[in-house]
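For reference, the structure discussed in these notes is given below.
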Amino acid sequence: MKLQCPIEKKCGGCQYLAMNYEKQLSIKQDKIIKLIGKYARVNKIVGMEDYLHYRNKINATFKYKKSGIISGVYEEGTHNVLPVDKCFIEDEKADEIIASIRKLIPSFKITVYNEDTGYGLLRHVMIRVGKNSGQIMVVLVTSNPIFPSKKNFANALKKLHPEITTIVQNINDKKTSMVLGPRNQVMLGKGFIEDTLCGMKFKISPNSFYQINVEQTEKLYNLAIEYAGLTGKEKVVDAYCGIGTIGLVASKKAKQVIGVELNKEAVKDAIINAKINDCNNIKFYGNDAGKFMVDMAAKGEKADVVFMDPPRSGSDKPFLDSVIKLAPERIVYISCGPESLARDLDYIVKNSEYKVEKITPVDMFPCTEHVESVVLITRKDN
Ligand code: SAH
């Protein structure tokens, strides 16, 4: 069956939507083989059974049109808003909530933000769905802290969708293409959601990073933990740790874990997540991962296992040099950017006694060209 989306070409988000799933997987497999297959055999890509509507985080932008208010995504490379009612990869409930918000806006006389003039209140809506917990967070991004009749608006939305567990106002008063600003005000509920992953519970705040495909994340983490070969004796570093997910899952099988993350809100979540899950052998630090590792290496500290899960742009030389200096038995590199992964592996292999031992691609982003990989790097003398 060929999936047909009315804005497929203009949105540009789902490059592989028209392809059957097996074909999508084989293209991604080939891409990873081409980029890093020279280092080690590439295992078969881990796909999904039911590969649609996996996205648990949805953003929508609003705009006045002659026909009324529309909500959706930017046309690729522009700031022209394309209407989205249903999306094949987004959570279906979230799409319904966005449609309800669009309908409520006029009756509450909420103005829609205009990027050119800077006038108008509502800039974006972000929805996060805890796929395993069922909790749903709606974040209304506004250009101004003053949101007339916001309690009534929140109550009206909750009445239409009782499944919403929290509603937050996020204030973004800067001329920026970033969706969220730094400030949040709780309108209803707790101001965050929780979700479960690998049998553990995680708190997720509006600004924290959380993997967008939970089913595949569990498979990815299981592979990463398997590659780490933990026995209970290890000192582990979880670099670029976000809300601490990988480190916390690993902490149950390691002696001691250190997590490092740049985003302060994510670090706060990580510390709470350690408490929620009764993990007493883990510590989190808010810092640039590169700087943190340079400090660790300078102090002569050691680690047995380093997990690294950098953003799409990959890691940097100070980080990689320090990891090499720390000399862990195993480095588990989790990457959502195959090109930066290839660059970083090339650097590690050329500048150290490490080799790539295992590679497994994981399809975290079906219907798109993106692909995640988990790579085990070990010392050549092993
Ligand atoms: N391991 C986590 C998060 C991975 S996403 C998970 O699986 O959920 C990458 C994370 O790196 C984000 O949380 C981002 O805030 C963080 N980050 C980006 N640049 C960083 C840097 N220079 N130092 C430390 N963390 C960084």
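The values are calculated or read from the model by the stated rules, or taken from the named source; none is laboratory data. A quick note: this is a predicted structure, and the numbers were derived from the prediction, not measured. Cβ coordinates were reconstructed from backbone atoms using ideal geometry, including for glycine residues, and neighbour counts include every protein chain displayed. With ligands, DNA and RNA removed, areas are computed over all heavy atoms of the protein, side chains included. Shrake-Rupley method; radii C 1.70, N 1.55, O 1.52, S 1.80 Å.
The residue pairs whose first member lies in the range 243-255 and is more than 20 Å from P310 (Cα to Cα), whose second member is polar (S, T, N, Q) and assigned to a helix (DSSP H, G or I), and whose beta carbons are closer than 8 Å, counting only pairs six or more residues apart or on different chains, do not exist in this structure. Only one entry in K219, K201, K174 is more than 16 Å from the ligand (Cβ to nearest atom) and charged (D, E, K, R), namely K174.
Of the set (1) away from the ligand (no atom under 16 Å from the Cβ); (2) more than 22 Å from E226 (Cβ to Cβ); (3) not hydrophobic (A, V, I, L, M, F, W, C), all apply to S340 but (1). Would you confirm whether any residue within the range 265-273 is touching a residue at least 40 places away in the same chain (Cβ under 8 Å), under 22 Å from N207 (Cβ atoms), within 13 Å of the ligand (Cβ to nearest atom) and among the small types (G, A, S)? Yes, the conditions are met somewhere in the range 265-273.
Residue check: is D316 within 13 Å of the ligand (Cβ to nearest atom) and farther than 23 Å from K219 by Cβ? When the stated conditions are applied, D316 passes them. Residues of the range 131-171 that are in contact with a strand residue (DSSP E or B) (Cβ under 9 Å, 6 or more places away or on another chain), assigned to a loop (DSSP other than H, G, I, E, B) and over 30 Å from T196 (Cβ atoms): S143, N144, P145, F147.
Out of curiosity, is M308 touching a helix residue (DSSP H, G or I) at 6+ places or on another chain (Cβ under 8 Å) and in contact (Cβ under 8 Å) with a residue 60 or more places away in the chain? The answer is yes for M308. Out of L230, L248, one residue alone is within 13 Å of the ligand (Cβ to nearest atom), in contact with an Asp or Glu (Cβ under 9 Å, 6 or more places away or on another chain) and more than 23 Å from G337 (Cα to Cα). It is L248. Considering only residues in the range 298-334 that are in contact with a strand residue (DSSP E or B) (Cβ under 9 Å, 6 or more places away or on another chain) and of a type in the set (D, E, K, R), the one that is nearest to K233 (Cα to Cα) turns out to be D304.
The residues in the range 34-64 that are touching a residue at least 12 places away in the same chain (Cβ under 8 Å), of a type outside the set (F, W, Y) and closer than 21 Å to E96 by Cβ can be counted, and the count is 10.
The set of residues in the range 152-177 that are closer than 16 Å to L121 by Cα, surrounded by fewer than 18 Cβ atoms within 10 Å (Cβ to Cβ) and not polar (S, T, N, Q) comprises D173, K174, K175. L223 passes every criterion in (1) assigned to a helix (DSSP H, G or I); (2) under 27 Å from E92 (Cβ atoms) apart from (2). Within 14 Å of D363 (Cα to Cα), at pLDDT 95 or above and of a type in the set (S, T, N, Q): which single residue out of N59, N43 fits that description? After ruling out the rest, the residue left standing is N43. Condition (residue is over 23 Å from I272 (Cβ atoms) and buried (at least 20 other Cβ atoms within 10 Å of the Cβ)) applied to the range 181-193: is it met by at least one residue? Checked against the condition, which is being over 23 Å from I272 (Cβ atoms) and buried (at least 20 other Cβ atoms within 10 Å of the Cβ), the range 181-193 yields no hits at all. Residues that are open to solvent by 70 Å² or more (accessible area, probe 1.4 Å) number at least 1 in the following strands (runs of 3 or more DSSP E) confined to the range 24-110: 57-65, 81-83. For the criterion of being open to solvent by less than 10 Å² (accessible area, probe 1.4 Å) and more than 23 Å from R343 (Cβ to Cβ), V236 passes. For the range 341-358, the set of residues classified as within 21 Å of the chain's Cα centre (by Cα) and either open to solvent by 10 Å² or more (accessible area, probe 1.4 Å) or touching a residue at least 40 places away in the same chain (Cβ under 8 Å) (or both) consists of L341, A342, listed by residue number.
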